[in-house]
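Okay, structure first, notes after.
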Amino acid sequence: MRYLTIALTKGRLAKQTMALLDKIGISCDEMKDPDTRRLIFTDEERKLKFFLAKGPDVPTYVEYGAADIGVVGEDTIMEEDRKIYEVLDLGFGKCRMCVAGPAGAAKLLNGQEQIRVATKYPRIARDYFNDRKNQTVEIIKLNGSIELAPIVGLAEVIVDIVETGSTLRSNGLKVLEEVCPLSARVVVNPVSMRMENERITSLLSAMNDALPKEGD
Ligand code: PRP
């Protein structure tokens with residue numbers, strides 16, 4: 001039997017995914033060691049390999065088949081636009097993609113103004129302003145701490161993830177429009193889905209059964 005390789009998004013999503021896998025009897029203790037510098041972990045008994053990657057790289061590994069399966073945020077799936085199957089909503093990692101800025105910037109979202117939009121998600125921001133709002137904007141790609149941009153005058157608004165809203169609040173910014181809700185998803189390489197259908201399907205259905213259901 002060949003190994004099935006699973007790419008996890010480093011950080012909180014990986015922890016939540018491992019907790020879910022634990023529930024279905026897949027525990028990779030080695031991976032839980034916070035001091036480890038190892039990048040790949042093997043479960044010999046079940047013929048599984050796991051590795052941790054940066055979120056935006058997970059769809060890349062899965063598209064090329066270097067990982068059969070990936071767990072990654074829907075924001076990253078949308079932004080990367082890779083040839084992969086999105087097969088399961090894990091329900092955790094819930095947040096919203098929003099347009100945010102100072103309250104006074106709301107009037108700039110009327111479809112007419114030529115504004116600058118700072119974001120880590122240029123594709124999502126472009127699609128939103130072009131297709132849904134029909135507003136021509138200049139997108140400025142940043143790599144983190146996006147909330148800084150309207151404060152220091154780099155852009156009028158930002159397109160970013162809002163979870164609790166506390167980063168916005170602490171910086172005097174507000175949600176101005178909601179682009180879409182988001183959560184963590186399982187993605188699968190299309191060839192793997194065909195070649196290893198039985199193993200992948202049974203893993204997915206075990207994961208699905210272990211998810212908390214409404215009313216739990
Ligand atoms: C994300 C996002 C916001 C923050 C939102 O940033 O870009 O800044 O979390 O969370 P909140 O609504 O609960 O405050 P992240 O921590 O991933 O780091 P980054 O700024 O480097 O992108």
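The values are calculated or read from the model by the stated rules, or taken from the named source; none is laboratory data. Small disclaimer: the values here were computed from a predicted structure and weren't measured. Note that we place each Cβ from the backbone using ideal geometry, even for glycine, and neighbour counts take in every protein chain shown. Calculation scope for accessible area: heavy atoms of the full protein, side chains included, ligands and nucleic acids excluded. Shrake-Rupley method; radii C 1.70, N 1.55, O 1.52, S 1.80 Å.
Summary table
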read-out: Residue check, K54 of a type outside the set (A, V, I, L, M, F, W, C), without any contact (Cβ under 8 Å) to a residue 60 or more places away in the chain and surrounded by 14 or more Cβ atoms within 10 Å (Cβ to Cβ); value: no
read-out: Any hit, the range 76-97, residues being farther than 30 Å from A206 by Cβ and either among the hydroxyl-bearing types (S, T, Y) or open to solvent by 40 Å² or more (accessible area, probe 1.4 Å) (or both); value: no
read-out: L176 over 28 Å from K83 (Cβ atoms) and among the aliphatic types (A, V, I, L, M); value: yes
read-out: Odd one out for L8 among (1) part of a strand (DSSP E or B); (2) surrounded by fewer than 16 Cβ atoms within 10 Å (Cβ to Cβ); (3) not charged (D, E, K, R); value: (2)
read-out: Candidates G104, G55 - the one that is modelled with pLDDT of 95 or more, of a type in the set (G, A, S) and outside the structural domain of A19 (by TED's automatic domain parsing); value: G104
read-out: Subset of the range 159-208 (residues that are among the acidic types (D, E) and closer than 22 Å to A7 by Cβ); value: E196, E198
read-out: Matching strands (runs of 3 or more DSSP E) fully within the range 71-140 where at least 2 residues are closer than 17 Å to A184 by Cβ and not hydroxyl-bearing (S, T, Y); value: 85-89, 95-101
read-out: Complete set of residues in the range 138-189 that are in contact with a Phe, Trp or Tyr (Cβ under 9 Å, 6 or more places away or on another chain), open to solvent by 30 Å² or more (accessible area, probe 1.4 Å) and more than 14 Å from the ligand (Cβ to nearest atom); value: I139, E177
read-out: Failed criterion for F41 (all others in (1) crowded, with 19+ Cβ neighbours inside 10 Å; (2) in contact (Cβ under 8 Å) with a residue 40 or more places away in the chain hold); value: (2)
read-out: Some residue of the range 197-210 being in contact (Cβ under 8 Å) with a residue 12 or more places away in the chain, charged (D, E, K, R) and within 12 Å of the ligand (Cβ to nearest atom); value: no
